[in-house]
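Q: Handing you this structure, nothing more for now.
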Amino acid sequence: FVALFLLLHNEMVTGVYKSQEQGEVENGRCITKLENMGFRVGQGLIERFTKDTARFKDELDIMKFIYKDFWTTVFKKQIDNLRTNHQGIYVLQGNKFRLLTQMSSGKQYLDHAPKYLAFTCGLIRGGLSNLGIKSIVTAEVSAMPTCKFQVIIQTM
Amino acid sequence: MSRQANRGTESKKMYWYLPFPLPSASLRLMSSELFTLTYGALVTQLCKDYENDEDVNKQLDKMGYNIGVRLIEDFLARSNVGRCHDFRETADVIAKVAFKMYLGITPSITNWSPAGDEFSLILENNPLVDFVELPDNHSSLIYSNLLCGVLRGALEMVQMAVDVKFVQDTLKGDGVTEIRMRFIKRIEDNLPAGEE
C-alpha cells in the first residue's frame, strides 16, 4: 500500500500540473487543488481513526494525537520534532519526509518541493478541522528531505 | 499505540473502550484507508476537471499505466518471482502475489478462453471502492479504471502487451468485480544490443 500510495501521489501531482499546462499556468491554483484533495482525505481519515479513541482534553492533546498517532500511521514514521509557542502555533518537523526522500537531496529540485507538500498540508488541516480546530497549515523546506509544517490555529 | 494504554490508566472511566487493534493490523488498515481515500479524492477531482466520464476513464488509465511502469520494479525486487513460462503462470502471479502484496486481496481466475490467451480476474471485494457510491450522473465512469492501467503498464515492462478492461463492477450493481485480460503479443526486441 505504501508503495502504491507514493506512486499515486506522484501521479496526482503530475496529473494536476499537466491539466493546468494546457490552460493558463497558475501555480497557486494547482497547489490549492492538491491541498483540497488532502483536506478531504484528512477529514475522512481522522473520522475513521478516532473511532475508538477517548475524547481529547484540549488543543495540545489533539496536536499530540496528530503528530504521534496520525502521522505515524500515515507516514510510517514518527515526526522528529514538535514545537509550540503555546499561543496557537505549532511546528512539526520531519527530517526524512517520505514524499521528499525519493527526490535528489541537493538544491536542484528545491523549487519543486511545494507541490509535493501541498497534499500533506491539506491532510493535516483536514484532520484538525474534523476535530474542531480551524487552522492554516504551511510547509517549508530549507534542505531537501527535511521539512517543517507550521500549523497556525485560528481561534473562533 | 502505547498511548492508548496510558490513557486507560489516566482516567478510569474509559475502561469500556474497545481494545485497540494490534498495531500492525491497524497500521495496515490505516494505510489502506489512506490509499483508498486518496484515490477517491483524485477521482473526484478528475470528475471536476473533465467534462465527460470517458475522459476521466482515459486519464485514470493513463495514470495507472505510469504507476504500473514503476510498480513492476518494486514488485520484482520484493517478490522474488522469476520468469513466467506461459500466460497461465502470469495470471497466477498477478492474482496470488501481486494483488495480495499491494491490495491485500486474492482475486480468483476464471473464464479462460479456449486458446488460453484470455481470462477474468474476479474480485470479491475491491478495496478501492470501500467508501464509494456512484452518483447517477456518472453512469459511464469506470471508477477503478486505474487498475487496468497499472496492469497494462506493469506487464508491458515485462514484454507483454495485454488488453485490460472491466466487464463487471460492484459499483454498477453487479455481484462481483470482473477484470478481463487478453494477451495480445510478446513485445520483441526491446533489449539493447549485446544484452541478454
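Q: Mind scanning B:Lys48/B:Lys172; A:Lys76/B:Lys165; A:Lys96/B:Lys96 and naming the pairs with a C-alpha gap bigger than 25 Å?
A: Violating the 25 Å limit, Cα to Cα: A:Lys76/B:Lys165; A:Lys96/B:Lys96.
Q: Right, next: Which value, in Å², gives the accessible area per residue of the stretch B:31-184 when a 1.4 Å probe is used on the protein heavy atoms?
A: That works out to 47 Å² for each residue.
Q: Pick out, in residue order, every one of the GluC sites (Glu not before Pro) in the stretch B:122-173 that is DSSP loop and has at most 13 other C-beta atoms within 10 Å; say none if there are none.
A: Here the sparse-neighbourhood loop sites are B:Glu124, B:Glu133.
Q: Here is a follow-up. Taking the stretch B:47-84, which trypsin sites (Lys or Arg not before Pro) meet the DSSP loop condition and have no more than 11 other C-beta atoms within 10 Å?
A: Sites meeting the loop and neighbour criteria: B:Arg83.
Q: Under 18 Å from the Cα of A:Lys57, which aspartates and glutamates turn up, not counting those fewer than eight places away in the same chain?
A: Output for A:Lys57: A:Glu47, A:Asp69, B:Glu10.
Q: Quick check for me: using +1 on Lys/Arg Cβ and -1 on Asp/Glu Cβ, what's the dipole size of the stretch A:73-147 about its Cα centre, in debye to the nearest 20?
A: Result for the stretch A:73-147 is approximately 160 debye, rounded to the nearest 20.
Q: Tell me the accessible surface of A:Tyr67 in square angstrom (1.4 angstrom probe, heavy atoms of protein chains only), to the nearest ten.
A: So the heavy atoms of A:Tyr67 present about 40 Å² to solvent.
Q: Quick check: at a probe of 1.4 Å, how many percent of the accessible area of chain A sits on carbon and sulfur atoms?
A: Of all accessible area on chain A, carbon and sulfur atoms account for 48 percent.
Q: Post the alpha-carbon centroid distance, the stretch B:38-79 to the stretch A:94-156, in whole angstrom.
A: 23 Å
Q: Based solely on its DSSP helices, what 222 nm [θ] is calculated for the protein assembly as shown when runs of n ≥ 4 H residues each add -39,500 (n - 2.57) and the sum is averaged over all residues, nearest 500 deg cm²/dmol?
A: Using -39500 (n - 2.57) per qualifying helix, the result is -15000 deg cm²/dmol.
Q: Just add up the charged neighbours of A:Asn95: K/R +1, D/E -1, any other residue whose Cβ is under 13 Å from the Cβ of A:Asn95.
A: Taking every Cβ under 13 Å from that of A:Asn95, the sum is +3.
Q: Another question, then. Below 8 Å, C-alpha to C-alpha, sequence gap of six or more: please give me the relative contact order for chain A in percent.
A: 28 percent
Q: For chain A, the longest stretch holding no trypsin sites (Lys or Arg not before Pro) located in a DSSP loop with at most 15 other Cβ atoms within 10 Å is which?
A: A:1-54
Q: So, one more: Where the only charges are on Cβ atoms (+1 Lys, Arg; -1 Asp, Glu), what is the dipole of the stretch B:31-184 about its Cα centre, to the nearest 20 debye?
A: So the dipole magnitude of the stretch B:31-184 works out to roughly 500 debye.
Q: Next question, about the same structure. In Å², nearest 100, what accessible area do chains B and A bury in total when the solvent probe is 1.4 Å?
A: Its buried surface, counting both partners, is about 3600 Å².
Q: So what is the relative contact order of the stretch A:78-156, in percent, for Cα pairs below 8 Å that sit 6 or more residues apart?
A: In percent, rounded to a whole number, it is 36.
Q: While we're on this one: Show A:His9, A:His112 ordered by accessible area, largest first, where the area counts protein heavy atoms only and the probe is 1.4 Å.
A: I get A:His112, A:His9, largest accessible area first.
Q: Still on this structure: Could you pull the accessible area for A:Thr84 with a 1.4 Å probe, rounded to 10 Å²?
A: It works out to around 50 Å².
Q: Could I ask something else about it? If I ignore ligands, DNA and RNA and count only protein heavy atoms, how much of B:Asp74 is accessible to a 1.4 Å probe, in Å² to the nearest 10?
A: That residue has around 50 Å² of solvent-accessible surface.
The values are calculated or read from the model by the stated rules, or taken from the named source; none is laboratory data. Bear in mind the structure is a predicted one, so any value in this text is a computation, not a measurement. Glycine gets a Cβ as well: all are built from the backbone with ideal geometry, and neighbour counts include every protein chain shown. Protein only, heavy atoms only, side chains kept; ligands, DNA and RNA dropped before computing areas. Shrake-Rupley method; radii C 1.70, N 1.55, O 1.52, S 1.80 Å.
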